[in-house]
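Enquirer: Sharing a structure below in structure tokens format, with a few things to ask.
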Amino acid sequence: MFVVVGVSGGIAAYKSVQLVRGLVTAGHEVHVIPTEDALRFVGTTTWEAISRHPVTTSVHDDVADVRHVSLGTRADLVIVAPATANTLARMAAGIADDLLGVTLLATTAPVLVAPAMHTAMWEHPATRENMAVLRARGVQVIGPEDGPLTGGDSGPGRMSEPDDILAAALAIVPDRTDLAGLTVAVSTGGTREPIDPVRFLGNRSSGTQGAEVAVAAADRGAHVRLVAAYVDEGVLAAALRHPRVTVVRVATAVELRTAMLAASADADVAVMVAAVADYRVAEVSDHKLRKEDGTPTLDLVTNPDVLAELVAQRQVGQTIVGFAAETAADDAELRERGRRKRARKGVDLLAVNAVGWDQGFGAGENAVIVLDASDGVRAEVAGDKRAVADGLWDAVASVRG
Ligand code: CTP
């Protein structure tokens with residue numbers, strides 16, 4: 001899952017390093033948001049190294065990505081550890097003067113706080129009232145524990161141990177492991193068919209949807225082989241980091257076929273998300289075509305249909321899923337085209353989505369209908385590409401029973 005760990009400025013920040021490490025080791029994508037004060041205790045370098053993601057405190061960094069909103073909206077869970085009296089007060093008042101404050105306002109995910117402060121501050125009526133406000137809003141609280149505090153005093157105020165915070169976090173958002181034990185092969189991206197050493201026939205696929213399908217399966221416990229043709233920059237980042245994903249890079253349809261047949265041979269599920277070029281140039285020129293040679297005519301030959309080959313070689317118990325990007329005048333036409341293609345391809349599931357000049361490509365929202373072998377609509381999912389990926393896996397899990 002996608003976890004945001006907010007760290008505020010207390011000595012217990014050093015213990016949160018272990019919390020972040022525990023989350024990463026368990027296979028979660030973790031983004032750390034320290035407050036400015038927290039960086040006095042543990043610096044950016046440590047958080048970046050341990051979480052394997054860039055770390056900033058300000059809403060003015062990475063503005064193009066609208067990071068302050070995206071971290072909050074993508075989070076499945078937000079943990080604030082340590083949560084100082086000041087941070088709890090800011091949360092209660094909804095103050096958003098740094099990246100952590102903004103992220104907490106932008107998220108609808110469950111929030112877990114692990115308070116840490118001196119006993120006198122914890123017992124102060126202001127803190128008590130702030131905690132009551134936060135609890136009433138549904139914020140979950142772990143600790144603080146009773147024990148020795150920095151400065152020699154003793155009493156309630158110690159942050160809970162990282163392992164206990166981790167266990168409490170996973171109890172709030174149970175880790176989905178419904179695909180554990182499965183091996184899946186996924187293809188993504190667009191193939192490029194060379195014309196000469198500098199030119200190719202390609203398509204607009206960014207690879208985002210297939211990468212999300214791979215990472216969603218891995219997050220849910222599957223072992224994933226991702227065969228990636230050309231994808232936009234950064235699209236494979238989460239897959240490359242994931243402990244249960246192996247990535248194989250390919251360029252052409254013929255290469256993709258070889259890699260995907262190998263990846264699928266003993267896989268439980270094969271999902272063809274890649275935009276495979278239907279044709280390649282019959283004779284690739286070994287030198288750059290020049291204008292002085294005259295206007296070229298490109299002879300095309302048909303590429304192998306990888307999905308059809310997967311269906312032809314299907315193993316017992318294997319589930320094969322295709323994608324179909326269709327241009328259609330309306331929903332009825334989209335479904336009808338989808339039904340015909342599902343039957344023609346012989347796949348167990350076909351995810352059909354509408355595409356157009358401004359629809360279906362890149363990092364934005366997507367919407368698919370998932371058709372099954374009895375021509376029923378097994379699922380209809382809309383949302384960001386991760387939500388679509390999870391909806392697709394729900395459908396796969398339901399047909400596998
Ligand atoms: N596909 C494939 N090999 C190809 C072309 C497509 O494996 N040479 C797969 C895609 O990855 C996708 C599915 O087939 O999962 C449907 O792709 P699409 O391009 O919609 O299908 P086509 O058979 O090419 O149909 P159309 O006539 O609409 O182009």
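Enquirer: Please go through region 185-209 and pick out each residue that is closer than 22 Å to Ala262 by Cβ and within 19 Å of the chain's Cα centre (by Cα).
Expert: Ala185, Val186, Ser187, Thr188, Gly189, Ser205, Gly207
Enquirer: Just give me the residues in region 167-186 being closer than 16 Å to Val245 by Cβ, outside any loop (DSSP other than H, G, I, E, B) and out of contact with any Leu (no Cβ under 6 Å at 6 or more places or on another chain), in sequence order.
Expert: Thr183, Val184, Ala185
Enquirer: Suppose the filter is surrounded by fewer than 19 Cβ atoms within 10 Å (Cβ to Cβ), in the same structural domain as Gln318 (by TED's automatic domain parsing) and on the phi > 0 side of the Ramachandran plot; does Gly207 pass it?
Expert: Values: surrounded by fewer than 19 Cβ atoms within 10 Å (Cβ to Cβ): no; in the same structural domain as Gln318 (by TED's automatic domain parsing): yes; on the phi > 0 side of the Ramachandran plot: yes.
No; evaluated as a whole, the condition is false for this residue.
Enquirer: Which ranges mark the helices (runs of 4 or more DSSP H) fully within region 1-112 that have 1 or more residues being more than 24 Å from Leu166 (Cβ to Cβ)?
Expert: Details: elements: 13-25, 44-51, 67-74, 85-93, 99-106.
Those helices (runs of 4 or more DSSP H) span 67-74, 85-93, 99-106.
Enquirer: Quick one: which of Val311, Val306, Val271 is under 25 Å from the mean Cα position of the chain (by Cα), assigned by TED's automatic domain parsing to the domain that holds Asp348 and within 12 Å of the ligand (Cβ to nearest atom)?
Expert: Working: Val311 fails: under 25 Å from the mean Cα position of the chain (by Cα); Val306 fails: under 25 Å from the mean Cα position of the chain (by Cα).
Only one candidate passes the filter, namely Val271.
Enquirer: Okay, moving on. Return only the number of the condition from (1) more than 14 Å from the ligand (Cβ to nearest atom); (2) in contact (Cβ under 8 Å) with a residue 12 or more places away in the chain; (3) over 16 Å from Glu193 (Cα atoms) that Gly234 does not satisfy.
Expert: Checking Gly234 against (1) more than 14 Å from the ligand (Cβ to nearest atom); (2) in contact (Cβ under 8 Å) with a residue 12 or more places away in the chain; (3) over 16 Å from Glu193 (Cα atoms), the one that fails is (2).
Enquirer: Only residues that are buried (at least 21 other Cβ atoms within 10 Å of the Cβ) and either aliphatic (A, V, I, L, M) or on the phi > 0 side of the Ramachandran plot (or both): list them for region 245-258, please.
Expert: Of everything in region 245-258, those that are buried (at least 21 other Cβ atoms within 10 Å of the Cβ) and either aliphatic (A, V, I, L, M) or on the phi > 0 side of the Ramachandran plot (or both) turn out to be Val245, Val250, Ala253, Leu256.
Enquirer: So, Ala262, is that one surrounded by 15 or more Cβ atoms within 10 Å (Cβ to Cβ), away from the ligand (no atom under 14 Å from the Cβ) and under 29 Å from Glu29 (Cβ atoms) or not? Please lay out each step first, then the result.
Expert: Values: surrounded by 15 or more Cβ atoms within 10 Å (Cβ to Cβ): no; away from the ligand (no atom under 14 Å from the Cβ): yes; under 29 Å from Glu29 (Cβ atoms): yes.
No; evaluated as a whole, the condition is false for this residue.
The values are calculated or read from the model by the stated rules, or taken from the named source; none is laboratory data. All of these numbers come straight from a predicted model, not from anything done at the bench. For neighbour counting, all protein chains shown are included, and Cβ atoms are generated from backbone atoms with ideal geometry for every residue, glycine included.
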